[in-house]
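S.K.: Handing you this structure, nothing more for now.
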Amino acid sequence: MKQIFCFSLLLLIVFSGIRSFAQETPYYHAEIKRTVGNSGTGDNIDVKYHRFEWTLNPDGLKNIQGSVTTYFVTTQNNVKTINFDFNKSSFDNPDLVVKYHGITITHFFPASGNVDILNISLPTALPTNRLDSVTISYSGTPPPVTGQEEGFQQKTVSGSGTSMYYTLSESYEDKDWWPCKADMQDKVDSIDFIITTPSAFRAAANGILVKETTSGLNKTYFFEHRYPIASYLVAVAVAKYTVFDRGTVNIGGTEMPVEYYITVGRGENPVAELNAMDFAKQELIAFSEKFGDYPFKKEKYGMYEFGWGGGMEHQTFSAMGWGAMSHSGIIAHELMHQWFGDKVTFATWEHLWLAEGFARYGEALAAELVPASSSKNVAAIRSDFKTAANGNSLKNYGCIIPKELIANSTTLWSSAYGSTVYERGAMVVSMLRTLVGDDKFFEACRNYLNDPKLAYGSAVTDDLQHHFEAVLDGFDLTAFFNSWAKGNGFPTYANNQAIKWWPAGNGTINIEIDGQTKSTGSDVAYYYTPVPLRVQGANGQDTLIVVYDQNGKISKAGNGIDPAFSASTQFYVGFEPVSVSFDPYSMSLATGTTVLQMVSAVNILDFKVSRENLINKAIVQTEGTNGIQKIVLERSKDGNQFDEIGIMHSLPVAPNQFISEDAKPFSVTYYRVKITDITGEIIYSKTVKIPGSESGKFSILNNPVSGNIKIKPAEQIATGTILNIKVFDTSGKKHLDNDQTVNGNLIEIKNTLQSGPYFLKISGKENIETTLRLVIL
């Protein structure tokens with residue numbers, strides 16, 4: 001009867017979809033070859049469902065007794081053996097029995113090497129895509145705490161006086177108490193718990209409690225969880241709990257219950273802890289508004305006391321040490337994990353920062369969105385992250401954990417990476433938000449979390465990068481992620497490399513960057529860095545601007561990223577700036593100072609360049625002439641490296657207007673004005689871009705054209721140069737777009753155009769940009 005019930009239950013879960021959230025085809029980044037568990041287990045099966053049946057008594061000797069029934073689908077043909085991660089020293093005894101369709105079958109552990117692999121020999125070979133199951137019954141004593149390895153433990157709760165069982169499987173200790181495929185890529189689609197305890201105790205587990213029954217001196221608790229879950233997030237605890245029902249929270253129209261399990265002996269009404277935890281109800285709403293609905297809203301969110309000192313983000317039910325239950329940061333941290341780490345899990349432990357970095361940043365975000373939840377403001381919390389990340393103990397470590405350090409929990413969590421994934425990780429998240437601005441930041445996060453290839457599955461760092469690039473219209477963030485997620489250290493802008501600024505008139509400010517100094521031990525060639533600057537005016541005006549330093553050239557950022565970048569850039573702030581502060585709110589890992597570049601009263605009111613008879617004429621208008629020592633016109637081919645043309649001279653009819661001419665401009669020329677005041681300080685105008693003549697470096701030999709289009713490049717165009725050629729009609733519609741290679745003599749393009757007038761645009765490297773009129777006969 002039990003076997004029939006179990007199989008029917010699975011069919012209901014896997015195939016009918018009722019209360020089920022089945023995982024889509026897993027998405028694997030290129031570096032992830034296939035989905036296998038720790039030690040390579042389970043490579044020929046896709047795990048669909050587990051039913052856990054345990055008898056647990058914390059008042060007795062430490063022991064777990066029961067069975068795990070696993071339903072799976074074969075992913076290979078002719079499957080004769082399947083295997084799971086399982087602790088040999090604890091469970092290789094006569095109580096370990098494996099049954100297939102009610103029949104006991106053969107199992108064995110390796111005699112040497114990695115012995116914690118339970119191999120199961122099936123009585124018949126299974127074809128591909130076969131849904132089947134095994135039941136593993138066992139009893140034994142899970143290992144004690146070793147280094148950073150917890151697993152399944154028994155503890156007398158200090159201050160409560162009661163015994164409890166609890167689990168904490170991160171990173172590899174799931175195998176220490178149940179047979180599993182320890183893998184973040186092959187999440188289990190659905191699980192059930194059937195836990196029997198003495199009646200004085202209560203069980204806690206993932207999902208929702210659907211039933212509890214009493215039989216003599218025992219009680220049995222039935223939990224079900226219908227969302228995909230990674231094996232290390234499966235959790236159970238048994239203790240003498242008092243349950244605090246905190247009502248419901250409305251998430252996207254769903255009234256979701258919130259509840260806390262606290263051990264008896266903590267007082268009938270632990271006010272401080274309940275008040276602190278109740279801020280999670282406001283944070284559930286705030287985080288849902290920013291990142292999309294709480295991922296498990298059809299079940300619950302809760303917190304339960306367990307025997308470890310901190311918190312652990314067990315799916316739907318965060319485990320909390322007694323002190324953590326009144327700690328605003330830990331409460332927000334574990335809640336944020338429900339999105340980052342639980343809904344979308346890291347595909348391998350190297351990418352752990354995708355969970356811990358976002359969760360750590362969630363502590364600051366909670367203080368921002370629900371200020372009453374924290375005694376610190378958001379800037380102070382970010383400052384703590386920044387100080388820790390840039391400190392001597394962490395600064396030489398990035399966010400991506402080297403493979404050799406993820407061998408076991410002790411090597412992982414005892415290394416510096418066990419901290420830097422939190423502190424540096426949080427600051428990488430902060431810098432992403434600073435760089436792209438709030439709207440695009442939260443849009444990218446939502447897209448990442450809801451990507452059908454990632455949602456309720458797993459991801460690597462490149463997946464996150466892809467979604468941020470997508471909201472930036474494809475802007476390449478590789479250098480940013482290489483600098484901060486994959487690189488170590490940080491830059492400093494100080495002394496002769498301090499951020500330079502000067503008022504540019506009419507409510508504008510100019511910003512210039514002259515490079516950066518890297519921290520000792522840095523492995524980054526140049527940090528591609530968002531630099532937040534607070535700009536203040538004399539009458540209380542206050543605003544924040546962000547520049548993106550890309551190898552010494554900067555562009556506007558903070559509301560998307562301006563793709564145009566140069567040695568300096570100009571912002572409109574709407575007031576006369578009197579002070580600029582370097583990152584006063586600890587939004588970036590960069591450190592530095594600012595310097596006022598111009599201190600005189602010289603202001604530029606206007607700067608224009610026009611083209612007249614193949615000559616470019618530049619005119620600048622200043623606010624008077626007092627304080628001016630010299631005005632020079634500068635030009636550039638690329639808008640970055642400028643050279644002086646000559647002194648600009650004032651117009652007799654307008655003494656505060658100065659003029660200069662350029663008789664030999666480039667095909668595209670950039671101009672700016674440099675004014676030196678009487679103190680020796682320098683102020684620059686905005687940069688103006690002027691295209692060259694239409695003929696320039698090219699001509700159309702047979703214009704008007706009958707037959708193919710023949711373009712003659714000038715002698716200065718090097719053979720082998722690749723040119724992009726586009727043709728537009730007079731309405732702006734594009735009719736042709738292809739690349740051509742210069743052979744030194746002639747470029748010939750097949751003519752497929754209808755008769756009429758067109759514009760032919762030629763562009764390429766070395767600032768080649770020419771537009772020619774074209775007539776097709």
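S.K.: Let me check I have the definition right: for region 404-478, take the eigenvalues of the Cα gyration tensor, multiply each by 5, take square roots. What are those semi-axes in whole Å, largest first? Show your work: numbers first, answer last.
M.R.: Numbers: eigenvalues 139, 49, 21 Å².
Taking √(5λ) for each Cα gyration eigenvalue gives 26, 16, 10 Å.
S.K.: When the Kirkwood radius is taken over all Cα pairs of region 420-527, what Stokes-Einstein diffusion coefficient follows at 37 °C and 0.692 mPa s, in µm²/s?
M.R.: 205 µm²/s
S.K.: Also, I was wondering about something else. How do Ile561, Ile709 stack up against each other in accessible area, from largest to smallest, with a 1.4 angstrom probe?
M.R.: The residues order as Ile561, Ile709, largest area first.
S.K.: State the three equivalent ellipsoid semi-axes of region 123-263, derived from the C-alpha gyration tensor as the square roots of 5 times its eigenvalues, in descending order and whole Å.
M.R.: On the way: eigenvalues 146, 96, 58 Å².
Over the Cα atoms of region 123-263, the ellipsoid semi-axes are 27, 22, 17 Å.
S.K.: With every protein chain present, what is the per residue accessible area of the chain (1.4 Å probe, Å²)?
M.R.: In whole numbers, the chain has 40 Å² accessible per residue.
S.K.: Quote the FRET efficiency, to the nearest 0.05, computed for Arg266 versus Ala416 with a Förster distance R0 of 51 Å and r equal to the Cβ-Cβ distance.
M.R.: Efficiency computed from Cβ-Cβ geometry: 0.90.
S.K.: As an exercise, use a Förster radius of 25 Å and the Cβ-Cβ distance of Glu443 and Thr593 to find the FRET efficiency, rounded to the nearest 0.05.
M.R.: Efficiency, from the Cβ-Cβ distance: 0.15.
S.K.: Continuing with the same structure: Tell me, how many Å apart are the Cα centres for region 472-511 and for region 297-344?
M.R.: Cα centroid of region 472-511 versus Cα centroid of region 297-344: 36 Å apart.
S.K.: While we're here: Please list log₁₀ I(q)/I(0) at q = 0.15, 0.22, 0.23 Å⁻¹ for region 477-561, using the Debye equation with identical point scatterers on the alpha-carbon positions.
M.R.: -0.61, -1.11, -1.18
S.K.: At a temperature of 25 °C and a viscosity of 0.890 mPa s, determine how fast region 286-359 diffuses translationally according to Stokes-Einstein, using the Kirkwood radius over alpha-carbon pairs as Rh; express D in µm²/s, rounded to the nearest whole number. Mind dumping the intermediate values first?
M.R.: Values: Rh = 12.6 Å.
Rounded to a whole number, D works out at 195 µm²/s.
S.K.: Let me ask something else about it. Taking 27 Å as the cut-off for C-alpha to C-alpha distance, list the pairs among Lys608/Lys664; Lys518/Lys637; Lys674/Lys712 that go past it.
M.R.: Beyond 27 Å between Cα atoms: Lys518/Lys637; Lys674/Lys712.
S.K.: May I ask you to rank Phe108, Phe279, Phe223 by accessible area, largest first, using a 1.4 Å probe over the protein chains only?
M.R.: Result of the area sort, largest leading: Phe108, Phe279, Phe223.
S.K.: With all protein chains present, how much of the accessible area of region 244-328 (probe radius 1.4 Å) comes from carbon and sulfur, to the nearest whole percent?
M.R.: Result for region 244-328: 48 percent of the exposed heavy-atom area is carbon or sulfur.
S.K.: Pick out, from Ser699, Val243, Ile615, the residue whose Cα sits farthest towards the positive end of the charge dipole of the chain, with +1 on the Cβ of Lys and Arg and -1 on the Cβ of Asp and Glu.
M.R.: Ser699
S.K.: Let me check I have the definition right: for the chain, take the eigenvalues of the Cα gyration tensor, multiply each by 5, take square roots. What are those semi-axes in whole Å, largest first?
M.R.: For the chain, the ellipsoid semi-axes come out as 63, 33, 21 Å.
S.K.: Can you give the charge dipole size of region 370-428 about its Cα centre, rounded to the nearest 20 debye, using +1 on the beta carbon of Lys and Arg and -1 on the beta carbon of Asp and Glu?
M.R.: Working: 6 positive and 3 negative charges, 31 e Å.
Charge dipole, region 370-428, about its Cα centre: 140 debye, nearest 20.
S.K.: Restricting to the chain, what percent of DSSP beta bridges are antiparallel, rounded to 5?
M.R.: Among the beta bridges of the chain, antiparallel pairing accounts for roughly 90 percent.
S.K.: Could I ask something else about it? Modelling each spin label as a point 7 Å along the Cα-to-Cβ direction, I'd like the Glu612/Asn495 distance in nm, to one decimal.
M.R.: Placing both labels 7 Å beyond Cα along the Cβ direction yields 4.9 nm.
S.K.: About its Cα centre, how strong a charge dipole does region 477-590 have in debye, to the nearest 20, once Lys and Arg get +1 and Asp and Glu get -1 at the Cβ?
M.R.: 160 debye
S.K.: Follow-up question, since we're still on this one. Whenever you get a sec, compute what percent of the accessible area on region 373-414 sits on carbon and sulfur atoms (1.4 Å probe).
M.R.: So the carbon and sulfur contribution to the accessible surface is 52 percent.
S.K.: What is the pair-distance distribution P(r) of region 60-143, computed from all Cα-Cα distances in 10 Å bins starting at 0, with each bin given as a whole percent?
M.R.: P(r) for region 60-143, in whole percents per bin: 16, 48, 29, 6, 1.
S.K.: Could you tell me the accessible area of Glu661 in Å² (1.4 Å probe, neighbours in place), rounded to the nearest ten?
M.R.: Looks like 100 Å² after rounding.
S.K.: Quick one: if you stick a label point 7 Å off each Cα along the C-beta vector at Ser650 and Ser579, how many nm between them?
M.R.: 3.6 nm
S.K.: Please get the size of the charge dipole for the chain, origin at its Cα centre, with Cβ charges of +1 on Lys and Arg and -1 on Asp and Glu, quoted in debye to the nearest 20.
M.R.: Its charge dipole is roughly 1160 debye.
S.K.: Separation of region 153-197 and region 719-733 by C-alpha centroid, Å?
M.R.: 64 Å
S.K.: Okay, next question. Which residues among region 559-573 fall inside the zone where the amide N is under 13 Å from a point 7 Å beyond the Cα of Gln541, along Cα→Cβ?
M.R.: Residues 571-573 qualify, since their backbone N sits under 13 Å from the label point.
S.K.: When all protein chains stay in place, what accessible area (Å², nearest 10, 1.4 Å probe) is found for Tyr684?
M.R.: 30 Å²
S.K.: For the chain, what's the relative contact order in percent, using C-alpha pairs closer than 8 Å and at least 6 residues apart?
M.R.: 7 percent
S.K.: Among the listed pairs Lys686/Lys734; Lys48/Lys298; Lys500/Lys686, which are separated by more than 23 Å between their Cα atoms?
M.R.: Among Lys686/Lys734; Lys48/Lys298; Lys500/Lys686, the Cα-Cα distance tops 23 Å for Lys686/Lys734.
S.K.: Order the following by accessible area, largest value first: His467, His107, His735. Probe radius 1.4 Å; ligands, DNA and RNA are ignored. List each step's numbers first, then the result.
M.R.: Numbers: His467 20, His107 50, His735 85 Å².
The residues order as His735, His107, His467, largest area first.
S.K.: Leaving out ligands, DNA and RNA, and with a 1.4 Å probe, what % of the accessible surface on region 484-602 is carbon or sulfur?
M.R.: 48 percent
The values are calculated or read from the model by the stated rules, or taken from the named source; none is laboratory data. As the structure is a computational prediction, the values presented were derived from the model and not from experiment. We place every Cβ from the backbone using ideal geometry, glycine too, and count neighbours over all the protein chains shown. Quick note on the areas: whole protein, heavy atoms, side chains included, nothing else; ligands and nucleic acids left out. Shrake-Rupley method; radii C 1.70, N 1.55, O 1.52, S 1.80 Å.
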